[in-house]
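The values are calculated or read from the model by the stated rules, or taken from the named source; none is laboratory data. Computed from a prediction, not measured in an experiment: that's the story for all the values here. Here Cβ is always computed from backbone atoms with ideal geometry, including for glycine, and neighbour counts include all displayed protein chains.
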Amino acid sequence: MDAASRNLTSRRLASACALGIALGACLAALVPSSKSRAEMVPPLIGPWSEPWLVQGEFDSKKEAENISGIACATPPGPERSCLLISDEKLYACLVEIKDRTLHLGGKVPLLPEKEGGDTYEETDAEGVDYDAGFYYVVGSHGASKKAGHYQASRFYIYRFPVDPSTGKPTFSSSGDAPAPEIVRKNRLEELIAGDPLLAPYSCTKSKTCVSLQEHGVNIEGLAIRDEHIYLGFRAPVLGGEAAIARLSVNAVFGAAESQLQVFRLKLGAEAGIRDLTKVPGGVLILTGPELPEKDGAVGSAAVYFWNGTSTEAHPLGTLDGMIAGAKPEALLYLGEEGGRYRVLVMSDGVAKGRPIEYRIPKQP
């Protein structure tokens, strides 16, 4: 090959390489990275066609319109024994699931009306889960939403034993006083106030509390996995990241020493965590607005999958079918079918929680 031919071939190769680089850059821009995929808006998921019902009556309209969590002691199936919580009462409610209906049962008192110098009006219970023979319930650990005051009743986490074969408490829950088997601790108040990230937004009896409107600490999700407690925070959302804190069960209900391990997850610029429910291999996260919604606003929520250890959560679906006033706050894992999670969602702000089933595609 002479010099002229070699020069022509070199120019053609250079042009081809430049074109290849340009095409590669375009393709890279069109195909999202794993990080950008995690920040994408999840696809819209509509409600399943078959409705769910709630059989029985709550004590009051206030209780019926303030559902905040549900968990079941028996495994997924057509019949289950569960526990339903409302943030406006001093007790939790036993529930039986059968034929796509939640049958309201007896009450499990969590707090007395009076204790020492304190008068309790509500638990402000926001998260509930079952694990290894025990139900767990957690309060918001935040200031009252309107006044920003410290209320002792909001700062407890509870545990009580359940018969795994029946899903029923192993003790009598008659009357208004909590049974001796119900253990409650306020250990989390100290741990949250001692965490460098959460401390500026925390609420304790000895300091001025930060209200929810000012991004003050507010727990709304609870999951128990591998002998650890996972706490999902509605607030604060910092830099577009929501928080999940993990600590040992024995650090709360035993003598183990522990600090919070806080994970920061991108779930939307202004989205906090409204509930957690464990699934095989990880946790499903129900998201919602961090700050209080306007009265009558149509609720918004999305579901993410998180493996419990990483700093990235995968978007699975944005929930359609919400109505004015409904604020999705309870997420229950019903099982899996056809490569999809079956979940039940219940909402604050509407009568009896308005339970809706969704079939959500699992993560890739």
If I go through the stretch 310-326 residue by residue, how many of them are surrounded by 15 or more Cβ atoms within 10 Å (Cβ to Cβ), over 10 Å from LEU44 (Cα atoms) and of a type in the set (A, V, I, L, M)? 3
Residues (surrounded by 14 or more Cβ atoms within 10 Å (Cβ to Cβ) and hydrophobic (A, V, I, L, M, F, W, C)) located in the stretch 186-200: LEU188, LEU191, ILE192, ALA193, LEU197, LEU198
Can you tell me which residues in the stretch 231-241 are surrounded by fewer than 23 Cβ atoms within 10 Å (Cβ to Cβ) and either closer than 20 Å to VAL183 by Cβ or in contact (Cβ under 8 Å) with a residue 60 or more places away in the chain (or both)? none
Number of the condition not met by PRO169 [criteria: (1) of a type outside the set (Lys, Arg); (2) within 24 Å of PHE263 (Cα to Cα); (3) in contact with an Asp or Glu (Cβ under 8 Å, 6 or more places away or on another chain)]: (2)
Those residues of the stretch 199-253 which are more than 21 Å from VAL137 (Cβ to Cβ), charged (D, E, K, R) and at pLDDT 95 or above amount to GLU241
In the stretch 297-308, is there at least one residue being in a strand (DSSP E or B), within 16 Å of the chain's Cα centre (by Cα) and farther than 16 Å from ILE45 by Cβ? yes
In the stretch 112-161, what residues are part of a strand (DSSP E or B), over 13 Å from ALA71 (Cβ atoms) and more than 20 Å from the chain's Cα centre (by Cα)? LYS114, GLU115, ASP118, THR119, PRO161
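Among residues belonging to the stretch 67-98 that are of a type in the set (S, T, N, Q) and surrounded by 23 or more Cβ atoms within 10 Å (Cβ to Cβ), point out the one that is farthest from SER153 (Cα to Cα).
Restricting to residues being of a type in the set (S, T, N, Q) and surrounded by 23 or more Cβ atoms within 10 Å (Cβ to Cβ), the top hit is SER68.
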Members of the stretch 66-111 found to be in contact with a helix residue (DSSP H, G or I) (Cβ under 6 Å, 6 or more places away or on another chain) and part of a strand (DSSP E or B), listed by number: ILE67, SER86
Output for the stretch 242-266, where each listed residue is crowded, with 17+ Cβ neighbours inside 10 Å and more than 16 Å from GLU190 (Cβ to Cβ): ALA242, ALA243, ILE244, ARG246, VAL249, PHE263, LEU265, LYS266
Residue under question is GLU336, and the condition is that it be within 17 Å of ARG359 (Cα to Cα), at pLDDT 95 or above and outside any loop (DSSP other than H, G, I, E, B); does it hold? yes
Given (1) modelled with pLDDT under 90; (2) within 17 Å of VAL345 (Cα to Cα); (3) not hydrophobic (A, V, I, L, M, F, W, C), index of the condition SER68 fails: (1)
Can you give me the number of residues within the stretch 129-153 that are within 15 Å of ARG234 (Cα to Cα) and surrounded by 19 or more Cβ atoms within 10 Å (Cβ to Cβ)? 6
Within the stretch 327-364, which residues are surrounded by fewer than 19 Cβ atoms within 10 Å (Cβ to Cβ) and of a type in the set (S, T, N, Q)? GLN363
In the stretch 85-118, residues that are hydroxyl-bearing (Ser, Thr, Tyr) and modelled with pLDDT of 95 or more total 2
Quick one: which of LEU286, LEU291 is at pLDDT 95 or above and either farther than 29 Å from GLU227 by Cα or in contact with a strand residue (DSSP E or B) (Cβ under 7 Å, 6 or more places away or on another chain) (or both)? LEU286
